[in-house]
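Here's the structure, in structure tokens; my notes come after.
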Amino acid sequence: MSNRIRVGILISGRGSNLQALIDACSVAEYPAEIAVVVSNVADVAGLERAERAGIPAHAVAHGTYASRESFEEAVDALLGAAEVRLVCLAGFMRVLSDAFVEKWRGRLVNIHPSLLPAFKGLNVHRRVLQSGARISGCSVHFVVPELDSGPIIAQAAVPVLPGDTEDALAARTLASEHKLYPLALRLLAEGRVVLDGERAVYRQVQNAAGELFSPGL
Ligand code: GRF
């Protein structure tokens with residue numbers, strides 16, 4: 001039986017980060033596999049990407065549920081049935097309840113298109129351009145109840161170039177996200193980074209020569 005970590009991915013749309021994770025997981029030595037993809041919006045491109053890759057894909061349309069709790073129960077049931085151990089939010093546009101976040105504490109991560117803690121929330125690239133910042137980027141972080149505020153696992157910097165438009169900066173950042181998320185998921189799946197209280201902590205690991213070191217990015 002495979003000892004790869006079983007991962008569930010929650011999406012709401014296009015799914016380009018999902019695709020980056022699908023591609024990473026298609027390499028035999030990658031330590032994670034995608035067991036299920038769930039979208040809170042039906043008929044999105046991300047679900048098609050999952051189906052094309054032969055991954056079980058489900059739409060759980062939040063609008064058809066009476067409450068946030070019943071919607072999340074349906075999502076959680078799919079994750080449980082797929083024996084998922086780690087959940088990645090990849091463009092998932094619903095705020096999750098404290099109860100769901102607590103249940104998955106330390107096993108629930110998100111990608112955000114800024115260098116957190118700067119520029120939390122929506123319309124990131126517009127606000128980056130308005131701010132005059134010369135460097136932007138993306139972050140993968142553990143999810144906590146407060147939006148875009150959990151301990152940071154990994155980040156990549158992206159330059160803001162003269163004459164940038166929102167779309168140009170978004171595209172440059174997205175290309176960076178597609179490298180960062182597979183890297184962060186690898187670290188998580190290998191147990192090289194864990195949530196310890198309020199911090200993401202890198203564990204020392206042994207290299208082939210038996211030496212202890214802390215893996216960097
Ligand atoms: C990405 O920019 C991600 O950082 C943000 O939402 C966007 C999702 O894009 N959370 P995609 O669906 O992965 O293409």
When the residues of the stretch 71-129 are filtered to those that are at positive phi and not hydrophobic (A, V, I, L, M, F, W, C), which remaining residue is farthest from the ligand (Cβ to nearest atom)?
Glu83
Please verify whether the stretch 63-70 includes one or more residues that are touching a residue at least 12 places away in the same chain (Cβ under 8 Å) and either polar (S, T, N, Q) or within 14 Å of the ligand (Cβ to nearest atom) (or both).
no
Pairs, first farther than 12 Å from Ser114 by Cα and modelled with pLDDT of 95 or more in the stretch 166-189, second in a helix (DSSP H, G or I) and not aliphatic (A, V, I, L, M), C-beta under 6 Å, six or more apart
Glu166/His125; Glu166/Arg126; Tyr181/Asn17
I'd like to know if the stretch 153-164 contains one or more residues that are in contact (Cβ under 8 Å) with a residue 40 or more places away in the chain, in contact with a Phe, Trp or Tyr (Cβ under 8 Å, 6 or more places away or on another chain), open to solvent by less than 30 Å² (accessible area, probe 1.4 Å) and in a strand (DSSP E or B).
yes
Could you go through the stretch 170-190 and let me know if any residue there is part of a loop (DSSP other than H, G, I, E, B) and either open to solvent by 20 Å² or more (accessible area, probe 1.4 Å) or not charged (D, E, K, R) (or both).
yes
Among what's in the stretch 8-25 and is within 6 Å of the ligand (Cβ to nearest atom) and of a type in the set (Gly, Ala, Ser), pick the residue that is surrounded by the most Cβ atoms within 10 Å (Cβ to Cβ).
Gly15
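The values are calculated or read from the model by the stated rules, or taken from the named source; none is laboratory data. Every value quoted in this text rests on a predicted model; they were computed, and no experiment measured them. Counting neighbours? That spans all protein chains shown, and the Cβs are built from the backbone with ideal geometry, glycine included. Heads up: the accessible areas ignore ligands, DNA and RNA and are worked out on the full protein's heavy atoms, side chains in. Shrake-Rupley method; radii C 1.70, N 1.55, O 1.52, S 1.80 Å.
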